[in-house]
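Comments concern the structure below.
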Amino acid sequence: MNVKNLNKMQKEAVLHQEGPLLIIAGAGSGKTRAMTYRIARLMEQGVEPHTILALTFTNKAAREMQRRVEELAGARASEAWIGTFHSICVRILRRDIEKLGYQRSFAIYDDDDQQRVLKDIFKKSGVDETDLSLKEMKRVIGDAKTRLLDADEWFAQSRKDRRAQGIHSLFVAYEERLRKANALDFDDLLNKALQLLVEHPPVLEHYRRRFRYVHVDEYQDTNLAQYSLVKLLTQDSRNLCVVGDDDQSIYGWRGADLRNILEFKKDFPEAKVIKLEQNYRSTRTILEAANHVIRNNEQRMEKELWTEGAQGEKIRFCAAGDEREEAAWICEHVRRLRAQKVPLGEIAVLYRMHAQSRVLEEMFMRAGIPYRVFGGTRFYDRREIKDALAYLRVLVNPDDDVALKRIINVPKRAIGDATVEVLEEHAASLNSPMFAALHALPDRLTSRPRKCVESFVELMDRFNSKRREMPLGEFVKLVLDESGLIKEYEGSTDEDMLAKRDNLLEFLGAVNEFANLSEDASLENYLENVALVTDLDMQEDVPQHVTLMTLHSAKGLEYRAVFIAGMEDGLLPSVRAKAEEGRVEEERRLCYVGITRAKEFLYLTRARHRAIFNQASSNLPSPFLAEIPKELISDEWGIAMREHFGEYKPPRERVKPSQRPPKTGFGIPGMGQPALGIPGVQKGFVPSVSASLEEPARIFEEGDKVLHRKFGAGRVVSTSGSGAEARVTIHFTAYGEKEFSVAIAPIAKVE
């Protein structure tokens, strides 16, 4: 294998074979290349592929790593275990979960399934959601499992008050419901795998012998369960290679522990540490800004990103009056990027909170710029898709009561809530899963619902008889057709209903794609694949629209042009982060991640006044802005729009009393004043002064770009009149068309 196209530090990481290795990989430093070359070289050195394990955080990253390793090492690389923590744990559990009292056909419950289970438990327990919300209960359970605590252990660490006792009871009931349904939630996949390894030493020994070389990507994002799993597997071999960047640790709020990477040498004192600092993504200007920001953190390993690439353009900055002006400025610069042949798919607008997207979306729609909000409703989270999946889940795991209750009356088949309650009570009396109880219905069920339930059972039994006989794609089509799911929507003339039908057809296409690409195209494998899909995996590779997303969602991505909106104290860093110890450093890392997503063009914006969460506020600049050297920033809207580096007060030209302009009340330097020396504003143009002249020259022409104090950037649509009667109509991206008197309007023409 040729390693000549690796830089010095990458090569050193690839050639290190035995013993623990920590690769500190700065943003855009080619960490995936280093890891894939390392895995391929191990095989070249005679290491059997099946003894290599590589753990990632997304299926997308795992697929990319698998593809690149196979390109380097050939088809035998497919024998290596390369996948997400969750998918690898599923493989381990499918083999030995019987030792924990579960069946191998266990279901994997997603967020919606968990919500349904908890809602049912709340109802049966008489819990008032005003006292304890489903969301809070779900958060408590998830947080406990992230810290490897069961219900009793969580209670032991709680205040042990009345509220804690209530939560503990609900927690216990939730766990009992999942076990009875032969189901695991997402957090269980890690926890049960750990439990299996700890409680059954022969299983642990099997995997220790098998996985002689373990690799972990994005190690800074590991939580306690992931850290424990990795440490267990490598305790004997010590052949652990972790790759990560402490400066990109931004998930502390969901359990990621920065100490795992910062204290790696404590766990493995003999570890070799290699730093990848050469960046292959961004310009020098962008990297200088990123380095200046992140070096203000105390909890970090010393490193400095550098590049042999171009210096690049300065960072553009806008201090807008409000969020609409900010959004309009962004739209205008997206237009300019398009004029420079930058594809929309290479442009992203990042922000701290989802709520910031609303005004941005309005502006993009008004400006006619295609966009999409990343992190909205996922395809597999849509109601009609979850209904289809629920049918398939019941066929694979008849004990899955959550899925069964979802579909027993979908489409409508006269099996109402009252009937479902009777069936649940009947199942409880038999101490059996609900589907098994449907084959022996209780006498108190009246004639009509009885016939409907019997018809449903016959339908499911027929599907089960066909499942092993038909190819996956054909079978799923049969289910969609005969269940009535597609028919429910296709007879409608309503666009939303037809869209749901199209979604089901797209779902069928996804099943067929899986069947064509998978070596084992079973229904079980397909459902497992769907359950492990993450938000990041749902992103198209080359979307033909501007992407709007939170800074958290942007991690791992890159774009030619990046806008970071809302660079304000209280947004970035957030108010909540400022109130918690250590969180401001994580917010700074979040800012660093945003900056380093940009390859060529970086835009930073803030609004002096912003209305968000139905409240208006005046905001100071983000403290992170002050950490960027001002020589790296170009404020192309002119001094009139800038206050980040202090107020600019230009020298006033002397104006004769007869020509002195009337007060406008705006009080903004550069508006209505001659020869300011503002970049982009034509010298000598003073609307209010020119209006007092007997024969003013024609000032505006159709198509001229202008700047208005209140409405921001616009373009002249038409002009009329002359002298003191001169009027101009301007189209503003944020506010539409408006007409002004040239004599008094605070408008400046820009080049």
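The values are calculated or read from the model by the stated rules, or taken from the named source; none is laboratory data. A quick note: this is a predicted structure, and the numbers were derived from the prediction, not measured. No Cβ is skipped: glycine too gets one built from the backbone with ideal geometry, and neighbour counts run over all protein chains shown. All accessible areas refer to the heavy atoms of the entire protein, side chains included, with ligands and DNA or RNA removed. Shrake-Rupley method; radii C 1.70, N 1.55, O 1.52, S 1.80 Å.
Take the range 583-619 and flag every residue that is part of a strand (DSSP E or B) and either open to solvent by 10 Å² or more (accessible area, probe 1.4 Å) or more than 27 Å from Gly321 (Cβ to Cβ) (or both). Give the steps one after another, and end with the answer.
Going through the range 583-619, the residues part of a strand (DSSP E or B) turn out to be 598-607, 609-612, 615-618.
If the condition is that a residue be part of a strand (DSSP E or B) and either open to solvent by 10 Å² or more (accessible area, probe 1.4 Å) or more than 27 Å from Gly321 (Cβ to Cβ) (or both), then Lys599, Glu600, Phe601, His609, Arg610, Ala611, Ile612, Gln615, Ala616, Ser617, Ser618 are the ones that fit.
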(request) Select from the range 1-30 the residues that are in contact with a Ser or Thr (Cβ under 7 Å, 6 or more places away or on another chain) and open to solvent by 10 Å² or more (accessible area, probe 1.4 Å) and list them in ascending order. (result) Gly28
(message) Which of the numbered conditions does Ala414 fail, given that it passes all the others? Conditions: (1) touching a Pro at 6+ places or on another chain (Cβ under 7 Å); (2) open to solvent by less than 20 Å² (accessible area, probe 1.4 Å); (3) under 25 Å from Asp496 (Cβ atoms).
(response) (2)
(message) Going by what's in this entry, would Val349 be described as more than 30 Å from Asp401 (Cβ to Cβ), in contact with an Asp or Glu (Cβ under 7 Å, 6 or more places away or on another chain) and hydrophobic (A, V, I, L, M, F, W, C)?
(response) no
(request) Within the range 387-426, track down each residue that is under 20 Å from Tyr174 (Cβ atoms) and touching a residue at least 24 places away in the same chain (Cβ under 8 Å). (result) Arg393, Asn397, Asp399, Asp400, Asp401, Val402, Ala403, Leu404, Lys405, Arg406
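Condition (residue is open to solvent by less than 30 Å² (accessible area, probe 1.4 Å), polar (S, T, N, Q) and more than 32 Å from the chain's Cα centre (by Cα)) applied to the range 49-65: is it met by at least one residue? Show your work before the answer.
First, pick out the residues of the range 49-65 that are open to solvent by less than 30 Å² (accessible area, probe 1.4 Å): 49, 51-56, 58-59, 62, 65.
Among the residues that remain, those that are also polar (S, T, N, Q) are: 51, 56, 58-59.
When the remaining residues are screened for being more than 32 Å from the chain's Cα centre (by Cα), the result is 51.
Looking for residues that are open to solvent by less than 30 Å² (accessible area, probe 1.4 Å), polar (S, T, N, Q) and more than 32 Å from the chain's Cα centre (by Cα), one finds at least one in the range 49-65, hence yes.
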(message) If Lys341 satisfies all but one of (1) of a type outside the set (Gly, Ala, Ser); (2) at pLDDT 90 or above; (3) touching a helix residue (DSSP H, G or I) at 6+ places or on another chain (Cβ under 8 Å), what's the number of the condition it fails?
(response) (3)
(message) For the range 31-47, which positions are open to solvent by 20 Å² or more (accessible area, probe 1.4 Å) and under 13 Å from Glu64 (Cβ atoms)?
(response) Lys31, Thr32, Arg33
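Residues are listed down the side, and each one gets a yes or a no for (1) at pLDDT 85 or above; (2) over 13 Å from Leu392 (Cβ atoms); (3) surrounded by 15 or more Cβ atoms within 10 Å (Cβ to Cβ):
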residue	(1), (2), (3)
Asn464	yes, no, no
Arg468	yes, yes, no
Phe475	yes, no, yes
Leu478	yes, no, yes
Tyr489	no, yes, yes
Ser492	no, yes, no
Glu495	no, yes, no
Leu498	no, yes, no
Glu506	no, yes, no
(message) So the check is Cβ under 8 Å with 6+ separation or different chains; which pairs have a first residue in the range 127-156 that's of a type in the set (Lys, Arg) and open to solvent by 70 Å² or more (accessible area, probe 1.4 Å) and a second one that's at pLDDT 90 or above and in a helix (DSSP H, G or I)?
(response) Arg147/Leu224
(request) Could you pull out the residue among Glu71, Glu64, Glu18 that is out of contact with any strand residue (DSSP E or B) (no Cβ under 8 Å at 6 or more places or on another chain), under 24 Å from Asp236 (Cα atoms) and either of a type in the set (Asp, Glu) or modelled with pLDDT of 95 or more (or both)? (result) Glu18
(request) Name the helices (runs of 4 or more DSSP H) wholly inside the range 355-451 in which the number of residues that are within 33 Å of the chain's Cα centre (by Cα) and not small (Gly, Ala, Ser) is 1 or more. (result) 357-367, 383-396, 401-407
(request) For the range 171-197, name all the residues that are part of a helix (DSSP H, G or I), buried (at least 20 other Cβ atoms within 10 Å of the Cβ) and over 29 Å from the mean Cα position of the chain (by Cα). (result) Leu196, Leu197
(request) Determine whether Glu558 is modelled with pLDDT of 90 or more, touching a strand residue (DSSP E or B) at 6+ places or on another chain (Cβ under 7 Å), among the charged types (D, E, K, R) and open to solvent by less than 30 Å² (accessible area, probe 1.4 Å). (result) no
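Only one of Ala271, Ala355, Ala348, Ala289 is out of contact with any Lys or Arg (no Cβ under 8 Å at 6 or more places or on another chain) and crowded, with 17+ Cβ neighbours inside 10 Å. Can you tell me which? Please lay out each step first, then the result.
Details: Ala271 fails: out of contact with any Lys or Arg (no Cβ under 8 Å at 6 or more places or on another chain); Ala355 fails: crowded, with 17+ Cβ neighbours inside 10 Å; Ala348 fails: out of contact with any Lys or Arg (no Cβ under 8 Å at 6 or more places or on another chain).
Criteria check complete, one pass: Ala289.
Among the residues of the range 293-308, is any in a helix (DSSP H, G or I) and open to solvent by 60 Å² or more (accessible area, probe 1.4 Å)?
Here is the first cut: in the range 293-308, the ones in a helix (DSSP H, G or I) are 293-294.
Those left that are additionally open to solvent by 60 Å² or more (accessible area, probe 1.4 Å): none.
No: the range 293-308 contains no residue that is in a helix (DSSP H, G or I) and open to solvent by 60 Å² or more (accessible area, probe 1.4 Å).
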(message) Would you confirm, using the coordinates I've provided, whether Arg91 is surrounded by fewer than 14 Cβ atoms within 10 Å (Cβ to Cβ) and under 25 Å from the mean Cα position of the chain (by Cα)?
(response) no
(request) Note down all Cβ pairs under 9 Å where the first residue falls in the range 7-22 and is farther than 16 Å from Ile39 by Cβ and outside any loop (DSSP other than H, G, I, E, B), the second is open to solvent by 20 Å² or more (accessible area, probe 1.4 Å) and among the β-branched types (Val, Ile, Thr), and they're at least six residues apart or on different chains. (result) Leu22/Val273
